[in-house]
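Notes follow the structure.
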Amino acid sequence: MADEQSVQLNVWIPKDLKDYVADRAKRDNKPGMNVLIADLIRQERAREQGEVIEQQSLPVLQEMMRQEIRQALAEHRRDVRDDRALEQEEQRDYLRKGFDRLAALTVHAIRNAGIGRRLAYAILAKAYGPSFAQSAFEDAKLKTQRELVPKAKQDEE
C-alpha cells in the first residue's frame, strides 16, 4: 500500500453515502475518508476477481465431480458384480449339495428295493417254489410298470 502512487479521484455521490463514509472512517479509526474509500475499492476488486476465478474454476470443479461420480459408480458396479458372483457360487454349492443328497437317497432307495425284491423272491421260492416266485415277480413288475406310466400314455394304449 505504501508503494502505491496516489492519484486524485473526483466523484459526485449522494450526500447520505458521503455521510456514511465519513462516519465509518471515524468508527474504524481511519486517518481519512480516502483510506476507507481505497479499502472499499480494494475489497470490491477482490470480490469481482474472486467471482471471475470462481466462474473459471466452475467447469474444472464440475469435471472433477463427474469423474468422482463415474469412479464411484464403477466401484459400485464392481461391488455389485462381486456380490452377485459370491451369491451365485453359494447358490451353486447349495444346489450341488442338494443334488448330491438326492442322488445318495436315490441310490439308497434303489439298493434297498433290490434287497427287498431278492428277499421276497427268496421267501416266496422257499415257501411256494421257484416257479410261483417267478410268476409273482413278473406280475408285480407288470403292475408296477403300469402304475409308473403316466395316465395320458395309459389312455393311448
PRE zone check, label point 7 Å out along Cα-to-Cβ of K143, amide N under 20 Å, scope segment 108-136, hits 113-136
Modelled label-to-label distance, M65 and E90, 7 Å Cα→beta-carbon offset: nm?
3.7
The number of Lys pairs in the chain whose alpha carbons lie under 24 Å apart, excluding pairs fewer than 8 residues apart on one chain, is 10
Suppose R0 equals 25 Å; then what is the FRET efficiency for E48 and K26 from their Cβ-Cβ distance, rounded to the nearest 0.05?
0.35
Using helices alone, what [θ] at 222 nm do you get for the chain, with -39,500 (n - 2.57) per DSSP H run of 4 or more residues, divided over all residues and rounded to the nearest 500?
-31000 deg cm²/dmol
How high is the relative contact order of the chain, in percent, with contacts defined as C-alpha pairs under 8 Å that are six or more residues apart?
6
Ranking Y94, Y121, I53 by how far each Cα lies towards the positive end of the charge dipole of segment 15-152 (+1 on Lys and Arg Cβ, -1 on Asp and Glu Cβ), the top one is Y121
Considering all alpha-carbon pairs of the chain, what whole percent are spaced by more than 18 angstrom?
83
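No value in this document is a laboratory result; all are computed from the given coordinates. Here the structure is a predicted model, which means the values were calculated and not measured. Here Cβ is always computed from backbone atoms with ideal geometry, including for glycine, and neighbour counts include all displayed protein chains.
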